[in-house]
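Data block below; observations after.
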Amino acid sequence: MKNHKKIKLYFLLICFLINIFFTSPSYSLSSREHLFKNALNLSSSGDFNLALEQWNKYLELFPDDAAALSNRGNVKLVIGDPQGSIDDQDKAIVLDPDEVDPYINRGIAEESLGLWLQAKNDYLFVISKDNDNFSALYNYANVEGSLSDWQSARNFFSKASDANPGFPMARSSMALADYQLGNMEDCEKELKKLIRRYPTFADARAALTALEWSKGISGEAESNWIAVTELDSRYADEEWLIKVRRWPKKPTKDLMKFIALK
């Protein structure tokens, strides 16, 4: 009788251990997907500190997931750790060298540190793989503008606009590059087209304010500026315009002169 009890206890213990091994939620496929989606949802909703915690937990279990590394890198950039972001994108690229997103994400982090040439190389790699990749074309154009090559920037903003006609910022940036290059007629035409199609697009209205004031058309400049101040107050901030929005110097200078008259 005692032997039967021992056998029963051993059997229950083995069943318990087997159950733990095969049903551990940390390693099942459904649990893995759940952990990934949870971290991704937190990233998308803007809860970045909690998202970072969740990506860390996920990567402790699955350290060779390139997509997770790239997503964690994006979160690190948002919370102010660009080098940490680059490190994660580096690891993602080693794991999956043909996936273009980590190159774009690394380029954005490099831009934040002023590493223009490194960012250009990453964007060029993506363009070499996919010459219609809108993100790479647009970001490359921004880098060229930051390096004061506005003709090249203008060309790539145009390509980005062709790749994604529904993104007005590419067209507005192209018009601003024309402004800097002295192609004022082309700039004005494009800005007015944008405003007709997107009446609440502050970037185009602010640029047209500067252009109209530079031409002495003060009434129209005033009207556009009133709309801008209601839509986005950041356009009155010269530092934001140059460092964040990355306007060229000439339209920025003209807009600041207009504002100084207020």
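For region 159-262, what is the Kirkwood hydrodynamic radius in Å, using each pair of distinct C-alpha atoms? Walk me through the intermediate numbers first.
Numbers: mean 1/r = 0.0746 Å⁻¹.
Here the Kirkwood hydrodynamic radius works out to 13.4 Å.
Scan (1) 0.95; (2) 1.43; (3) 1.03 for the value of Cα Rg over 2.2 N^0.38 Å calculated from this model and give just the label.
(2)
Which value, in debye to the nearest 20, describes the size of the charge dipole of region 100-197 about its Cα centre when Lys and Arg Cβ atoms bear +1, Asp and Glu Cβ atoms bear -1, and nothing else is charged? Show your work: numbers first, answer last.
Numbers: 11 positive and 14 negative charges, 65 e Å.
That gives a dipole near 320 debye.
Classify region 152-216 as rounded, prolate or oblate, taking a ≥ b ≥ c as the square roots of the eigenvalues of its Cα gyration tensor: rounded when a/c is under 1.5, otherwise prolate if a/b is larger than b/c and oblate if not. Don't skip to the answer; put the middle values down first.
Details: a/c = 2.34, a/b = 1.23, b/c = 1.90.
The shape class here is oblate.
So what's the angle, to the nearest 10 degrees on a 0 to 90 scale, between helix 29-45 and the longest Cα principal axis of the chain?
30
Return the inverse of the average 1/r over all pairs of distinct C-alpha atoms in region 30-130, which is the Kirkwood hydrodynamic radius, in Å to one decimal.
Numbers: mean 1/r = 0.0737 Å⁻¹.
Every distinct Cα pair counted, the radius reaches 13.6 Å.
If I take every Cα pair under 8 Å that is 6 or more residues apart in the chain, average their sequence separation and divide by the length, what percent do I get for the relative contact order? Write out the running numbers ahead of the final one.
Numbers: 307 pairs, mean separation 22.2, N = 262.
Relative contact order of the chain: 8 percent.
Could you give the C-alpha radius of gyration of region 216-262 expressed as a fraction of 2.2 N^0.38 Å, taking N as the number of residues it contains? Provide the component values of the computation, followed by the final result.
Working: Rg = 10.5 Å, N = 47, 2.2 N^0.38 = 9.5 Å.
My calculation over the Cα atoms of region 216-262 gives 1.11.
Output the pairs from LYS193/LYS257; LYS120/LYS215; LYS159/LYS249; LYS129/LYS253; LYS193/LYS243; LYS76/LYS192 with a Cα-Cα distance over 29 Å in this structure; if there are none, say none.
Details: LYS193/LYS257 25 Å; LYS120/LYS215 35 Å; LYS159/LYS249 22 Å; LYS129/LYS253 38 Å; LYS193/LYS243 26 Å; LYS76/LYS192 39 Å.
Among LYS193/LYS257; LYS120/LYS215; LYS159/LYS249; LYS129/LYS253; LYS193/LYS243; LYS76/LYS192, the Cα-Cα distance tops 29 Å for LYS120/LYS215; LYS129/LYS253; LYS76/LYS192.
For the chain, what is the calculated [θ] at 222 nm in deg cm²/dmol (nearest 500), taking -39500 (n - 2.57) for each run of four or more DSSP H residues and dividing by its residue count? Write down the numbers at each step before the final one.
Values: 14 runs with 200 residues, N = 262.
That comes out to -24500 deg cm²/dmol.
Could you calculate the contour length gain from GLU185 to GLN83, that is, 0.36 nm times the residue separation minus the distance between their Cα atoms, to one decimal place in nm? Don't skip to the end; give the middle numbers.
Values: separation 102, 0.36 × 102 = 36.72 nm, distance 4.23 nm.
Answer, rounded to one decimal: 32.5 nm.
With unit charges on the beta carbon (Lys/Arg positive, Asp/Glu negative), name the residue among TYR235, GLN180, ALA210 whose Cα is farthest towards the positive pole of the charge dipole of region 159-262.
Of TYR235, GLN180, ALA210, it is GLN180.
Mean separation of Cα pairs under 8 Å and 6+ residues apart, divided by the residue count of region 128-262: what relative contact order is that in percent?
Numbers: 169 pairs, mean separation 25.2, N = 135.
Computed over region 128-262, the figure is 19 percent.
Readers should treat all values here as calculations from the given coordinates under stated rules, not as data from a laboratory. As the structure is a computational prediction, the values presented were derived from the model and not from experiment. Backbone-built Cβ (ideal geometry, glycine too); neighbour counts: all protein chains shown.
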